[in-house]
Amino acid sequence: MTTIPDNAFDNLLENAVTKLVQEKLELLLREEIKNYISTEHQGPRTSLNGNYSRTYQTRYGTIDALQVPRDRKGYFQTRLFQPYQRREGWPEEAIIHMYKGGMSTREVAKFIESMFGTQYSPTT
């Protein structure tokens, strides 16, 4: 019987979930811009103008190349996230709940560092 090391299995599962989330987000974005161009847009006519790539952090992992569609005139703005938002709002909510629950800012900073692998100062 062949066994898969825990670390390899964890990475495989995380990559599969992240890829699934990316595919579903991109599907939602494509449908949203189609609906926007065909029914919602008022004013000068616009059309699809390809995609741009962006990094987006979700609770399921970081998506390095999320393809966000755009229109030729630059009017389209998705409702899934704000223009310069790079991650879901859950980390901010979690930090607020941790702080309200009695964790110090240093403990919160250590938790965030362990989650995302980047270092944050206690004041941040």
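The values are calculated or read from the model by the stated rules, or taken from the named source; none is laboratory data. What you see is a predicted model; the values in this text were computed from it and never measured. No Cβ is skipped: glycine too gets one built from the backbone with ideal geometry, and neighbour counts run over all protein chains shown. Remember, those area values only see protein heavy atoms, side chains included, never the ligands or the DNA or RNA. Shrake-Rupley method; radii C 1.70, N 1.55, O 1.52, S 1.80 Å.
Out of the residues in the stretch 60-88 that are outside any loop (DSSP other than H, G, I, E, B) and open to solvent by 50 Å² or more (accessible area, probe 1.4 Å), state the one that is modelled with the lowest pLDDT.
87
In the stretch 89-98, which residues are open to solvent by less than 90 Å² (accessible area, probe 1.4 Å) and farther than 25 Å from residue 36 by Cα? If the condition is that a residue be open to solvent by less than 90 Å² (accessible area, probe 1.4 Å) and farther than 25 Å from residue 36 by Cα, then 90, 91, 92, 94, 95, 98 are the ones that fit. Counting only residues that are outside any helix (DSSP H, G or I), within 25 Å of residue 61 (Cβ to Cβ) and modelled with pLDDT of 85 or more, the stretch 97-124 holds 1 of them. The residue of the stretch 1-59 that is farthest from residue 91 (Cα to Cα), among those that are assigned to a loop (DSSP other than H, G, I, E, B) and open to solvent by 80 Å² or more (accessible area, probe 1.4 Å), is 1.
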